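Trainee: Quick one: the structure is below, and I'll ask about it shortly.
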Amino acid sequence: MKIGGARRIIKNDIWDAFFEKMKMEHQEKSCIVSEPESPYLVKREIEKEEKKSKLGFNGLTPSEWALLSKNVINEDEILNPVWNDLSSPRNKYQLEHGAVYPLKLVERLVKMYSAEGDTVFDPFLGIGTTVIAAQGLNRHGVGIELNPKFASIAQQWLNDVQGLFANDNHYKVINDDCRNMLKHIRKEKIQLTVTSPPYADFIRKSIEDRTTTHKTSIITFENNSTVKPYSDQEHDFGNLPYKDFLKSIKKILKDNFEVTKPGGYSCWVVKDYRDTKNKIPYIPFHSDLAVVGQEAGWLYQDLIIWDQTGQRRLVLLGYPSVFYVNQNCSFIVVYRKPK
């Protein structure tokens, strides 16, 4: 049967074909003693045929890929592409960084958009979560990190993991500016990039805000939220004004495009921002990033919402003059390189 241009195999079709085959063989070779028909044998053959006909998504069946690609809030929102089951406690390495994403999040993206033996890349490696996910899922991994402290932590974490679960793949932590990406990465080498760029000077503004406006608020204490600057280097992406940041990130996306295989993917985990001090209610970072990526040659493939409400208590924002909704989610901007 064809549905939406794709062939779909129905269990009954497999059952009928298998039954007819068994029946003909029995009629033609009735004098030969054969293995008796049983529900177990039939089920086993059906499952074998189903798996054989459906494999093709990075070693996953379509149903397995679908389960990874979306999550549900409840049964009434079965098509809602919101991810809300990705939180995990921070380990000793992750506690050293002010903005890390969960290992489970990277693992899901790696499973979805790459196969075993592919190379996974992170131009803003931080303390190494992307490379660790690649190692655990039998992919090659490489990352670039500007801050020598974070690069050292990433290498230590990788060494510890490799000591316990060594494999034959290649892993590299590069302490350099990702503006030099083309010096380190061969063109059309990468299948998947997973990264979270510094949010321009948002983090420094947030730190300043928490020492004044939110000094004793729920945001700082009950939400157990901590932020740290990435570095004090002037050319660090995390210290650039927003407009300059977008110009610089466009260059990174162009280079990332060059090192990615045709048909490969690049996933950017970001969070929108407010600059109420300068009377800017909402900065749609994920939308601006998507536009910049398209200008760099990427196809804007998907937008995934990472729901973080379960980890942050809702607070009243803007009271008493104006009200704002709680931004308890991040976005994953997914690009694809045309073939």
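The values are calculated or read from the model by the stated rules, or taken from the named source; none is laboratory data. None of the values given here were measured: they were computed from a predicted structure. For neighbour counting, all protein chains shown are included, and Cβ atoms are generated from backbone atoms with ideal geometry for every residue, glycine included.
Trainee: Is it true that G293 is in the same structural domain as I190 (by TED's automatic domain parsing) and surrounded by 16 or more Cβ atoms within 10 Å (Cβ to Cβ)?
Mentor: So G293 fits the description; yes.
Trainee: Kindly provide the set of residues from segment 248-285 that are of a type in the set (D, E, K, R) and touching a residue at least 24 places away in the same chain (Cβ under 8 Å), ordered by number.
Mentor: K250, K251, K254, D255, E258, K261, K271, D272, R274, D275, K277
Trainee: Here is a follow-up. Take the conditions closer than 20 Å to Y101 by Cα and part of a helix (DSSP H, G or I) and apply them to V161. Does it pass? First the steps, then the outcome.
Mentor: Working: closer than 20 Å to Y101 by Cα: yes; part of a helix (DSSP H, G or I): yes.
Yes.
Trainee: Output the residue which, of all residues in segment 300-317 that are in contact with a helix residue (DSSP H, G or I) (Cβ under 9 Å, 6 or more places away or on another chain) and under 21 Å from E258 (Cα atoms), is modelled with the highest pLDDT.
Mentor: By that ranking, first place goes to Y300.
Trainee: Further question: I'd like to check something: does segment 154-177 contain any residue that is surrounded by 15 or more Cβ atoms within 10 Å (Cβ to Cβ), among the small types (G, A, S) and at negative phi?
Mentor: yes
Trainee: Kindly indicate whether D288 is in the same structural domain as E188 (by TED's automatic domain parsing) and at pLDDT 95 or above.
Mentor: Taking the combined requirement at face value, the residue satisfies it.
Trainee: Going by the conditions given, is P89 in contact with a strand residue (DSSP E or B) (Cβ under 9 Å, 6 or more places away or on another chain) and at pLDDT below 70?
Mentor: Criteria not met by P89.
Trainee: Ok, one more. Which of the residues that make up segment 274-293 are closer than 13 Å to L246 by Cβ and not small (G, A, S)?
Mentor: I283, P284, F285, H286, D288, L289, V291, V292, listed by residue number.
Trainee: Could you list, in sequence order, the residues of segment 318-339 that are at pLDDT below 95 and in contact with a helix residue (DSSP H, G or I) (Cβ under 9 Å, 6 or more places away or on another chain)?
Mentor: Within segment 318-339, the first condition is being at pLDDT below 95, and the residues that meet it are 318-332, 339.
Within segment 318-339, G318, V322, Y324, N326, N328, C329, S330, F331, I332 meet the criteria.
Trainee: Please specify each residue of segment 166-192 satisfying the condition of being out of contact with any Leu (no Cβ under 7 Å at 6 or more places or on another chain), more than 17 Å from S266 (Cβ to Cβ) and in a strand (DSSP E or B).
Mentor: Answer for segment 166-192, where residues must be out of contact with any Leu (no Cβ under 7 Å at 6 or more places or on another chain), more than 17 Å from S266 (Cβ to Cβ) and in a strand (DSSP E or B): K172, I174, N175.
Trainee: Test of understanding: among V259, V270, which residue is over 21 Å from L68 (Cα atoms) and crowded, with 18+ Cβ neighbours inside 10 Å?
Mentor: Matching residue, one of V259, V270: V259.
Trainee: Out of the residues in segment 234-256 that are crowded, with 16+ Cβ neighbours inside 10 Å and among the acidic types (D, E), which is modelled with the highest pLDDT?
Mentor: Once the filter is applied, the top-ranked residue is D255.
Trainee: Here's another thing I want to ask about it. Can I153 be described as part of a loop (DSSP other than H, G, I, E, B), farther than 18 Å from V334 by Cα and at pLDDT below 95? Break it down stepwise before answering.
Mentor: On the way: part of a loop (DSSP other than H, G, I, E, B): no; farther than 18 Å from V334 by Cα: yes; at pLDDT below 95: yes.
Judged against the criteria, I153 is not a match.
Trainee: Looking at (1) in contact (Cβ under 8 Å) with a residue 60 or more places away in the chain; (2) touching a helix residue (DSSP H, G or I) at 6+ places or on another chain (Cβ under 9 Å); (3) of a type outside the set (D, E), which is the one condition that is false for G143?
Mentor: Going through the list (1) in contact (Cβ under 8 Å) with a residue 60 or more places away in the chain; (2) touching a helix residue (DSSP H, G or I) at 6+ places or on another chain (Cβ under 9 Å); (3) of a type outside the set (D, E), G143 breaks only (1).
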